[in-house]
Amino acid sequence: MQTTSHDRLLIIDFGSQVTQLIARRLRELNVYCEIHPYQNVTDAFLKDFAPKAVIFSGGPASVIDEGSPRPPESVFDLDVPILGICYGQQVMMQMLGGKVERGHGTAEFGRAYVEPTGAESDLLFGWFVGGREQVWMSHGDHVSEIAPGFEVYGTSPNAPFAITADVERRFYAVQFHPEVHHTPNGPTFYENFVRIAGFEGDWTMGAYKDEAIAKIREQVGDKQVICGLSGGVDSSVTAVLLHEAIGDQLTCVFVDHGLLRLNEADEVVTMFRDHYNMKLIHADESDLFLGELEGVSDPETKRKTIGKLFIDVFQKYASEIDGAEFLAQGTLYPDVIESVSFSGGPSVTIKSHHNVGGLPEKMGLKLVEPLRELFKDEVRALGHELGLPASFIGRHPFPGPGLAIRCPGEITRDKLEILRKADAVYIDQIRRHELYDEIWQAFVAILPVRTVGVMGDGRTYDYACALRAVTSVDGMTADYYPFSHEFLGETATRIINEVPGINRVTYDITSKPPGTIEWE
Ligand code: XMP
């Protein structure tokens, strides 16, 4: 199904770990592209998708093995430029009449250097300016004979056909990965490829916004839409975009489970109801959530209790909205990319961290997902385009179960109150020291222990807390942030002085793995 009127580049995924990076490099060049697993790319698919260029990704298989993944033959008849990378190079060579051999002693992993051969090509504009180029290789097999019509443009000791091309047909094949960081001149390589393909680089956020608004209007017509708003980046951008598209046909539901940070509910409500003038239901259900959580100390039980109540509450409020036919969600592109599985057909890996999972079917609602073609940083750019304040766009992630999982053991209102205050002081410190944007996520956890202290002339017996701050790319792995001792000392002093109930502050220096980011 066509989702955009822009020129489109198709990335056929053969299962490389770095396929998403190809898409990143292209989006940075303002080129619209989509990743599709090779199993889904049929003749009919190609005809319908009508790509302006195609890229074959790398992958773990060997083209020498029977039944190894291939694109349909018809891809070579589209009369568009094709770039084959690593496995993609080998499959291209094999299908066009070249030869691939198993790498006996010629495997190459990691950094390598490609030398020019003297042959010139538009693909290599800006390459080999200072002689050889550093590239990143990761291959066992190698091409031993190039296909008829191809010429060699670059070689490395273990990949004599590191860069080859059939300039006439605009087929290009490289053994290395130009999309990774370790191929420093890789972006120029992609720039050359998309220029050869004739892309205009007009995939900008401004253009995307207008297109997305038109699409929402077309999809929704005059019907009503519900959107669960948490105040996080994805749901905020979704809500503002929808509001701009359909105004009062949108109602947002903000579920306040009593596990939010200091002033958070007020900030969200003021921002969206007063500033944006949106129809917003502030579902203050903190008594319900905190009541059900009373006496619960097991982390998984906390999560399940909150998850179930969240859906019940959302459904209750949503069903009061007359004529609602759509549910808007901030699903992002990484959540919907289908990954390639070599053990069977295409396997769909959709992260189900959306709080209203399963609800659309149950309530008979259709989905509106205007961010499903975007990566996270593109969502932030769209947020800027929509005029959302930077303080909202750059916010650290906050988990659905909120402070419940930052309060190990039993949750009480007293502990939550102390935790909120300590967290606010900590984040204030981080902002004052201009570290907020360097840190991926930072928060305080209140520990289920009391410790003895001395303040003034008196003995104290109060809670200990742990500060957490991590750097990360996607939350899957993380490292603790190396604060200076001065920062830690100053922050500990402020928390103890300003937050009654805490008399000891620790800093958590566990990485993930083996730890997790949250304490529960
Ligand atoms: P962990 O603790 O697993 O967290 O290292 C990784 C990232 O996920 C967030 N997180 C959650 N988000 N519901 C959410 O919506 C959850 O149950 C949940 N648990 C963890 C966490 O804040 C971090 O950003």
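Key figures
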read-out: Accessible carbon and sulfur surface of the chain relative to its total accessible area, %, 1.4 Å; value: 50
read-out: Relative contact order of segment 7-86, defined on C-alpha pairs under 8 angstrom at six or more residues apart (%); value: 39
read-out: Proximal lysines relative to Lys52, as straight alpha-carbon distance under 26 Å, when same-chain residues fewer than 8 apart are discounted; value: Lys209, Lys215, Lys376
read-out: Positive minus negative residues near Ile311 (Lys, Arg vs Asp, Glu; Cβ under 14 Å); value: +1
read-out: Accessible-area value, Met205, 1.4 Å probe, nucleic acids and ligands omitted, Å²; value: 30
read-out: Ranked packing of 135-147, 215-227, most packed first, by mean Cβ within 10 Å; value: 135-147, 215-227
read-out: Aspartates and glutamates with Cα under 15 Å of Lys421, excluding same-chain neighbours fewer than 8 positions away; value: Glu264, Asp462, Glu498
read-out: About the Cα centre, charge dipole magnitude for segment 284-333 (Lys/Arg +1, Asp/Glu -1 at Cβ), debye; value: 280
read-out: Evaluated over segment 25-175, the Cα radius of gyration and Dmax, each in Å; value: 15.2, 45
read-out: Size-normalised alpha-carbon gyration radius of segment 93-168, reference 2.2 N^0.38 Å; value: 1.10
read-out: Of Gly394, Ala478, Gly453, farthest towards positive along the dipole that unit charges on Lys, Arg, Asp, Glu beta carbons give segment 376-481; value: Gly453
read-out: Rule-of-thumb Rg ratio for segment 183-250 [Cα; 2.2 N^0.38 Å; N residues]; value: 1.60
read-out: Lysines with Cα under 17 Å of Lys279, excluding same-chain neighbours fewer than 8 positions away; value: Lys223, Lys316
read-out: Cα-based shape type of segment 118-232, given that a ≥ b ≥ c are square roots of the gyration tensor eigenvalues and the cut on a/c is 1.5; value: prolate
read-out: Cβ-defined net charge surrounding Gly231, 9 Å radius [Lys, Arg +1; Asp, Glu -1]; value: -1
read-out: Per residue accessible area of segment 419-461, 1.4 Å probe, in Å²; value: 55
read-out: Per-residue [θ]222 nm for the chain (sum of -39500 (n - 2.57) over DSSP H runs n ≥ 4, rounded to 500); value: -9000 deg cm²/dmol
read-out: Alpha-carbon centroid distance for the pair segment 458-513 / segment 409-426, whole angstrom; value: 14
read-out: Mean accessible surface per residue for segment 227-276, computed with a 1.4 Å probe while every protein chain stays in place, in Å²; value: 30
read-out: Phi-based couplings in Hz for segment 401-413 (Karplus 6.51, -1.76, 1.60; Gly and Pro marked x); value: x, x, 5, 4, 8, 10, 10, x, x, 5, 9, 10, 4
read-out: Global geometry of segment 286-336, whether rounded, prolate or oblate, following the gyration tensor of its Cα atoms and the 1.5 cut on a/c; value: oblate
read-out: Cα gyration tensor shape of the chain, rounded if a/c is under 1.5, else prolate or oblate by comparing a/b with b/c; value: prolate
read-out: Proximal charge balance of Ser472 [Cβ under 10 Å; K/R count +1, D/E count -1]; value: -1
read-out: Phi-based couplings in Hz for segment 422-428 (Karplus 6.51, -1.76, 1.60; Gly and Pro marked x); value: 5, 4, 5, 5, 4, 5, 4
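The values are calculated or read from the model by the stated rules, or taken from the named source; none is laboratory data. All values reported here derive from a predicted model rather than from experimental measurement. Methodologically, a virtual Cβ is constructed for each residue, glycine included, from the backbone with ideal geometry; neighbour enumeration extends over all protein chains shown. Surface areas here come from the heavy atoms of the whole protein model, side chains and all, with no ligands, DNA or RNA. Shrake-Rupley method; radii C 1.70, N 1.55, O 1.52, S 1.80 Å.
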